[in-house]
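Down below is the structure, laid out as structure tokens.
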Amino acid sequence: MLFVFDLDGTIIFRGEPLSKTIAEALVQAEALGHETVFASARPIRDMLPVLDERFHRHLLIGGNGSLVARDGRVVHAETFQPEQLAALLAAIAECGCTYLIDGEWDYAYTGRADHPILRNLDPHRKARNLPVEQLDPIVKICLLSSDMEDELRARLAELDVVIHEHRSENLFDINPPDIHKWSALRKTGVAAGGYVAFGNDANDVTLFRHARHSVMVGHHPDLAPWATESIPPAEEETLAVRVRDKILELAHAFRTAE
């Protein structure tokens, strides 16, 4: 069975690297014959630093589905069409937005110097912060602030793009149309009902909708209707132990079922 894991808030917490507690549970699940996949809003660049090196060559889905990596390198990137990108960049400029815009590896950042998102941005300093005009391709846009938020919402609603609003962080993640974690997983040959999913946020909805079994870590009102079961919110150390135990429980259960 394939086990697909979101990262932040699901198996890693406060942007810290994957704990030994959960890493060892993943290794045990693989020893039982299961395969592990990681699917995150982070680009591949920012997924690798928080994953144990044992998992770097696994199938990685980054940028909410816009990037796919195998064997440690990006093998597929979904980009915005020129007209979509032009409309987005015009809205960003006219609404006074700050942003983190991701290319396949490099990025463009205009946010404030103490923004929390910087904790997770290129910690190993292996990418370049470029003017947005020099990024090619552009695979994901994260809007950090706007001088005209109501106007921005109206402009975004007119565009054929995928938008994930992270209300607690006041962020908008924007992907090309029909690009999400499930679309990327499906492109790799995975069938609906062919995997177990762990997630915690609205950008995991498509994964949960097509999973055989899904586990919501913490609580999110948009994700809850699609969850088979949930792990209640708790302090990070307690949550990590509960996630570990659930991974091992399901690894044994689905081994038996198969």
Under the Karplus relation with 6.51, -1.76 and 1.60 and θ = phi - 60°, whole-Hz ³J(HN,Hα) for segment 212-221, x at Gly and Pro, equal 6, 8, 9, 10, 8, 9, x, 9, 9, x
Distance (nanometres) between label positions extended 7 Å along Cα→Cβ at residue 113 and residue 130 | 2.5
Note, segment 135-145: 3J(HN,Hα) by Karplus (6.51, -1.76, 1.60, θ = phi - 60°), whole Hz, Gly/Pro = x, goes 7, 8, x, 10, 10, 7, 10, 10, 8, 9, 7
Picking from 29, 240, 91, which is most flexible by a Gaussian network model of the chain using Cα springs under 10 Å?
-> 91
Heavy atoms only, probe 1.4 Å: what % of the accessible area of segment 98-241 goes to carbon and sulfur, would you let me know?
-> 47
Length added when fully stretched, residue 32-residue 57, from 0.36 nm per residue minus Cα-Cα | 7.1 nm
Accessible area per residue, Å², the chain with all protein chains present, probe 1.4 Å = 46
Under a point-charge model restricted to the Cβ atoms of Lys and Arg (+1) and Asp and Glu (-1), what is the dipole moment magnitude of the chain relative to its Cα centre, in debye to the nearest 20?
-> 800
So what J values fall out for segment 34-48 if you push phi through Karplus, 6.51 cos²θ - 1.76 cosθ + 1.60 with θ = phi - 60°, rounded to Hz, Gly and Pro as x?
-> 8, 10, 10, 10, 10, 9, 9, 6, 5, x, 4, 3, 9, 7, 4
Return the distance in nm (one decimal) between the two label points of a simple spin-label model at residue 70 and residue 159, each offset 7 Å from Cα along Cα→Cβ.
-> 3.1
Among 217, 166, 195, which residue has its Cα positioned farthest towards the positive end of the charge dipole of segment 162-253, with +1 placed on the Cβ of Lys and Arg, -1 on the Cβ of Asp and Glu, and the dipole taken about the Cα centre?
-> 195
Determine the dipole magnitude for segment 141-251: charges of +1 sit on the beta-carbon of Lys and Arg, -1 on that of Asp and Glu, nothing else is charged, the reference point is the Cα centre, and the result goes in debye to the nearest 20.
-> 700
May I ask for the distance between the Cα centers of segment 132-174 and segment 93-109, given as a whole number of Å?
-> 9
Taking Rh as the Kirkwood radius computed over C-alpha pairs, what is the Stokes-Einstein D of segment 187-239 at 4 °C in a medium of viscosity 1.567 mPa s, expressed in µm² per second?
-> 114
Name the shape class, rounded, prolate or oblate, that the alpha-carbon gyration tensor gives for segment 52-143, where a ≥ b ≥ c are the square roots of its eigenvalues, rounded holds for a/c under 1.5, and otherwise prolate holds if a/b is larger than b/c and oblate otherwise.
-> oblate
With -39,500 (n - 2.57) per DSSP H segment of 4 or more residues and division by the full residue count of the chain, the 222 nm estimate, nearest 500 deg cm²/dmol, is -8500 deg cm²/dmol
Answer rounded, prolate or oblate for segment 94-224, using the Cα gyration tensor with square roots of eigenvalues a ≥ b ≥ c: rounded when a/c is under 1.5, else prolate when a/b is larger than b/c, else oblate.
-> prolate
Sequence-distant or interchain residues sharing an amide H contact under 5 Å with residue 39, placed H: which?
-> 5, 6, 7, 61
If you rank 158, 229, 104 by how much accessible surface each has, with a 1.4 Å probe, what is the order from largest down?
-> 158, 104, 229
Read-out semi-axes √(5λ) of the Cα gyration tensor in Å, derived from the coordinates shown; its label in (i) 31, 18, 18; (ii) 27, 22, 17; (iii) 24, 22, 19 | (i)
Amide H contacts of residue 217 (H built 1.01 Å from N, under 5 Å, at least 5 apart or other chain) = 199, 200, 231
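The values are calculated or read from the model by the stated rules, or taken from the named source; none is laboratory data. Just so you know, these numbers come straight off a predicted model, no measurement behind them. We place every Cβ from the backbone using ideal geometry, glycine too, and count neighbours over all the protein chains shown. We work out accessible area using only protein heavy atoms, side chains counted, and drop any ligands, DNA or RNA first. Shrake-Rupley method; radii C 1.70, N 1.55, O 1.52, S 1.80 Å.
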